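The values are calculated or read from the model by the stated rules, or taken from the named source; none is laboratory data. All values derive from a computational prediction rather than experimental measurement. No Cβ is skipped: glycine too gets one built from the backbone with ideal geometry, and neighbour counts run over all protein chains shown.
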Amino acid sequence: MARCCFGIHRSRLQFLVLQAGLIGVAVPAAASSQALSSPLPLAVAGTAASSPLPPPPPPPPILSAAETVDAARLLTLQMHLAVGHSLARVDPEVQAASFRLAARLLERSGQAIDRPQTLLLVDRSPAVQRLWVILALPGAAPWQVIGAVRVSTGKPGRLEHFKTPVGVFTNTPSILGYRAQGTFNEHHIRGNGLKGMRVWDLGWQTTEDWRKPAALTAVRLEMHATDPTFLEARLGRPDSEACIRIPAAFNQFLDRSGLIDMQLVQLASQDRAIAALLPKDRATTRLAGDKVIVIDSSEPDAAPSDPGEATAINQRFAEWLAAQALPPAVQKQPAVLASRSQATAVVRVSAPVKLSSMKPPGAAPRTVAAGLAPGGRLDTRQADNAEGLP
């Protein structure tokens with residue numbers, strides 16, 4: 001997987017996290033880049049938080065036609081005021097083609113639009129690189145555009161870089177995102193943007209492995225801001241490792257208006273972790289939804305992500321790694337990973353491991369994960385901003 005998804009540079013590899021009962025290795029930060037050199041990508045193994053899920057949220061209110069129009073007008077005005085200079089124009093024909101692909105993908109996913117709601121549509125085509133905020137209506141009613149911004153999606157062809165996965169992704173309470181620390185990496189890049197910028201975690205997904213024909217690899221899909229000094233000006237072209245980079249102004253608007261936070265907002269009063277993540281000054285729109293759709297108008301038949309296969313890829317790698325000879329100084333430390341679904345085990349190694357001598361079978365990716373926070377959720381803060389090369 002691309003390191004942007006957790007912001008971990010290979011010269012600062014912290015953990016290899018594997019599923020329960022298997023063994024992983026961790027390389028200390030002092031390990032040299034020579035010891036970690038490898039032609040394979042670094043990715044994360046494991047799944048997201050293993051505390052019990054809260055009860056399902058109550059169904060959101062369904063607005064009347066008049067209320068929908070009023071809410072959409074207000075949201076459009078708020079976006080133009082908040083995002084302003086970051087708004088992007090899109091050719092009407094390109095937009096129409098992207099919308100048709102997104103509607104087809106949504107229909108094939110079996111996820112119906114049952115109430116007026118906002119959703120995000122990303123076209124990863126190199127010639128488009130846009131994100132639309134859309135008001136989606138039930139039935140055959142045409143989608144309405146609230147606004148659009150430039151983004152950067154995955155740019156395959158070099159170490160740890162892959163295309164952003166295609167599919168319909170849901171922002172759920174089962175995988176919480178986090179907030180950027182605003183620190184610099186070794187390239188003086190703040191990969192997730194300034195301190196406090198929101199990072200939306202959309203879970204383990206599959207995407208094309210450019211190194212082998214017809215092969216897949218697993219990536220952790222996230223959406224986040226990027227370095228405001230060096231990288232934000234490059235939005236509008238493929239540039240990331242697999243994640244979706246968005247403008248800082250739009251990040252703040254998306255965070256405060258809760259465009260895809262519907263499920264989280266409804267549970268915030270019952271879950272302290274959700275309440276801590278959401279902004280205190282939020283003004284959630286009544287049209288809030290929970291979906292991000294990623295399409296590719298240059299590859300209309302691109303295969304959608306398969307989360308089940310992503311888990312299987314990580315499992316195969318975990319099994320392969322467990323079978324390898326480990327250095328003598330290994331201590332197994334049980335831990336819980338940041339999803340609410342599965343326990344994990346973490347093994348720390350006190351001496352550098354030469355990953356270049358380790359070759360996993362097939363298309364199984366090299367696997368890296370961030371640390372573990374108290375309470376079982378992923379602590380990505382320690383490796384926050386290594387994503388992004390100048």
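Tabulated values for the structure
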| quantity | calculated |
| --- | --- |
| Residue among 354, 280, 332 that alone is closer than 30 Å to residue 209 by Cβ and either modelled with pLDDT under 60 or in the same structural domain as residue 106 (by TED's automatic domain parsing) (or both) | 354 |
| Filter result (surrounded by fewer than 21 Cβ atoms within 10 Å (Cβ to Cβ) and either of a type in the set (Asp, Glu) or without any contact (Cβ under 8 Å) to a residue 40 or more places away in the chain (or both)) within segment 151-197 | 158, 186, 195, 196 |
| Test: residue in segment 201-209 that is modelled with pLDDT under 95, within 16 Å of the chain's Cα centre (by Cα) and more than 19 Å from residue 290 (Cβ to Cβ) | no |
| Matching entry among 114, 123 (being touching a residue at least 12 places away in the same chain (Cβ under 8 Å) and more than 20 Å from residue 303 (Cα to Cα)) | 114 |
| The lone exception for residue 132 - which of (1) hydrophobic (A, V, I, L, M, F, W, C); (2) outside any helix (DSSP H, G or I); (3) out of contact with any helix residue (DSSP H, G or I) (no Cβ under 8 Å at 6 or more places or on another chain) it fails | (3) |
| Selection within segment 212-227 - surrounded by 15 or more Cβ atoms within 10 Å (Cβ to Cβ) and in a loop (DSSP other than H, G, I, E, B) | 225, 226, 227 |
| Criterion violated by residue 305 - all others in (1) crowded, with 21+ Cβ neighbours inside 10 Å; (2) of a type in the set (Ser, Thr, Tyr); (3) at pLDDT below 95 satisfied | (3) |
| Of all residues in segment 232-280 being of a type in the set (Val, Ile, Thr) and surrounded by 24 or more Cβ atoms within 10 Å (Cβ to Cβ), the one that is farthest from residue 75 (Cα to Cα) | 244 |
| Residue within segment 314-325 that is crowded, with 16+ Cβ neighbours inside 10 Å, small (Gly, Ala, Ser), under 25 Å from residue 123 (Cα atoms) and at pLDDT 50 or above present | no |
| So residue 86, is it touching a residue at least 12 places away in the same chain (Cβ under 8 Å) and under 30 Å from residue 217 (Cβ atoms) | no |
| Condition check for residue 212: in contact with a Lys or Arg (Cβ under 7 Å, 6 or more places away or on another chain), in the same structural domain as residue 248 (by TED's automatic domain parsing) and in contact (Cβ under 8 Å) with a residue 40 or more places away in the chain | no |
| Residue count for segment 170-195, restricted to those that are under 14 Å from residue 252 (Cα atoms) and assigned to a loop (DSSP other than H, G, I, E, B) | 5 |
